[in-house]
Amino acid sequence: GTCLIFGCGDGHLAYEIAKQTGDMKVLCVDPDSVQVDEARENLTAAGVYGDSVRVDEGTFASLADSASSADLVVIHRATRLRNETDAQRRENWQRFRQASAEEREVIIEQMRTEYRQAFQTAAAEAYRVLKPSGGVLFVEIAGGRRSLAGTADDLRDLLQQSPFNPDADRIDSTDTWLKLTKGN
């Protein structure tokens, strides 16, 4: 089968999926070139890069030829869907720290809106590349930390809007993961 991961991190998740499944091809896509380089380096050192796992810089939207081909899609670190680099995240954090309490509230609300929009876009693209009748979408919500992307219930609500099919798709969730199994 085929697994697509948005947000490669250091490559550990891709490595584990490739090793645990044995025959699943894993493609990671990440907009951050630094993360892509780190994941490639780690996966090469682990001996799985190229054969079982590939890491590309980009977004799900760049996978136009992959419609309805993935058995498993993972949105790793949903809090990083705004296509920011680590340097941009640090700069935004510094701006937040220097802001007044009132300015912080405005910044937080803007970020929540941006994260939800980014999540909805990424999830719709993930849904597009997911095989019908049993393809699975996993979304890591918080990774153990408080998330501006929203709670499982917030994100569940977004997965019940178009292009998703709430009558056919099944959604399960925990505090840190959301799972959608695609219906027909």
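The values are calculated or read from the model by the stated rules, or taken from the named source; none is laboratory data. Bear in mind that the values here come from a model prediction, so they are computed numbers and not experimental data. Note that each Cβ is placed from the backbone with ideal geometry, even for glycine, and that neighbours are counted across all protein chains shown. Just so you know, the surface numbers come from the protein's heavy atoms only, side chains and all, with ligands and any DNA or RNA stripped out. Shrake-Rupley method; radii C 1.70, N 1.55, O 1.52, S 1.80 Å.
Just a few scattered comments:
- Length gained on full extension, S69 to V34, computed as 0.36 nm times the residue gap minus the Cα-Cα distance: 9.9 nm.
- Modelled label positions at T59 and R112, each set 7 Å beyond Cα in the direction of Cβ, lie 2.3 nm from each other.
- Cα-based reach from K182 at 12 Å (exclusive), listing aspartates and glutamates while leaving out same-chain residues under 8 positions away: D71, D167, D169, D172
- For peptides 111-117, 12-18, sequence by mean Cβ density within 10 Å, most packed first: 12-18, 111-117
- Net length gained if the chain between T2 and R170 were fully extended (0.36 nm per residue, minus Cα distance): 58.4 nm
- Rounded accessible area of T2 (nearest 10 Å², 1.4 Å probe): 50 Å²
- Computed lengthening from E16 to Q88, 0.36 nm per intervening residue step minus Cα-Cα distance: 23.0 nm
- If you plug the beta carbon distance of T181 and R97 into 1/(1 + (r/R0)^6) with R0 = 35 Å, you get a FRET efficiency near 0.30.
- Site pair S162 and T44 shows an inter-label distance of 4.6 nm when each label is modelled 7 Å from Cα along Cα→Cβ.
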